[in-house]
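Values in this text are rule-based calculations from the coordinates and carry no lab data. Values in this document were obtained by computation on a predicted structure and should not be read as measured data. Virtual Cβ from ideal backbone geometry, glycine too; neighbours counted across all protein chains shown.
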Amino acid sequence: MKNLSIEQTKYTPQIDLDASKGEMNFFGKSYPENTFEFYEPVLSWIDKYFRKHAKEETIISLEIIYFNSSSSKLFFDFFDLLEENNDEHKITINWIYDEENESALEAGEDFQDDFENLTFNLKEK
């Protein structure tokens, strides 16, 4: 399976999905003009990864500094997809936040509360 890498822009995060390592990294801001269109190839890649190529453990690191409401809805879909695969695969989510960014910490806590079956690590950088 080919890796997927999307360059960071002013409105979108850097995304690196590496099937051979079982790692998915998201870094930056997320407020694209059309959120679901932007993330569609990412969600498709992740779905295919878990159906045929998943490693024993998958580590997902998210350092999302800011995201808008449509990105928040997208992240719910993303975590739903992870939760669907959580029984068959070991998935660890690292939610990375800056100590001065209280809203990023609160968002991580909210996702952690909403998706109790997923392993969330809230990590201050």
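A few comments on the model shown:
- For the stretch 4-79, the spread of Cα positions along the three principal axes, ordered from largest to smallest, is 33, 18, 17 Å.
- Here the Karplus curve 6.51 cos²θ - 1.76 cosθ + 1.60, taken at θ = phi - 60°, turns the phi angles of the stretch 6-20 into couplings of 10, 5, 5, 10, 4, 10, 10, x, 6, 10, 10, 10, 10, 5, 5 Hz, with x standing for Gly and Pro.
- Cβ-defined net charge surrounding residue 8, 14 Å radius [Lys, Arg +1; Asp, Glu -1]: -1
- Under 13 Å, Cβ to Cβ, from residue 35 - net charge with Lys/Arg +1 and Asp/Glu -1: -2
- Residue of 34, 25, 85 that the Gaussian network model of the chain assigns the largest fluctuation, springs spanning Cα pairs under 10 Å: 34
- Rounded to whole Hz, the Karplus (6.51, -1.76, 1.60) HN-Hα couplings of the stretch 113-124, x for glycine and proline: 5, 6, 10, 4, 7, 9, 8, 10, 10, 8, 10, 7
- Backbone amide hydrogens, once placed in the peptide plane, bring residue 58 within less than 5 Å of 90, 91, 92, excluding anything fewer than 5 places away on its chain.
- Checking every one of the GluC sites (Glu not before Pro) in the stretch 1-109 against DSSP loop status and a limit of 15 other Cβ atoms within 10 Å picks out 7, 33, 56, 88, 99, 100.
- Length gained when the stretch residue 27-residue 3 is fully extended (0.36 nm per residue, less Cα-Cα span): 7.0 nm
- Highest-MSF residue in the chain out of 81, 62, 17 [GNM, Cα springs under 10 Å]: 81
- For residue 65, the amide hydrogen comes within under 5 Å of the amide hydrogens of 28, 29, counting only partners 5 or more places away or on other chains and with H modelled in the peptide plane.
- In Hz, Karplus ³J(HN,Hα) per residue of the stretch 73-82 (6.51, -1.76, 1.60; θ = phi - 60°; x = Gly, Pro): 4, 4, 5, 4, 4, 4, 5, 4, 4, 5
- Centroid-to-centroid separation of the stretch 30-51 and the stretch 57-75 [C-alpha atoms, Å]: 11 Å
- Restricting the stretch 10-93 to trypsin sites (Lys or Arg not before Pro) in coil, as DSSP defines it, with at most 10 other Cβ within 10 Å: 10
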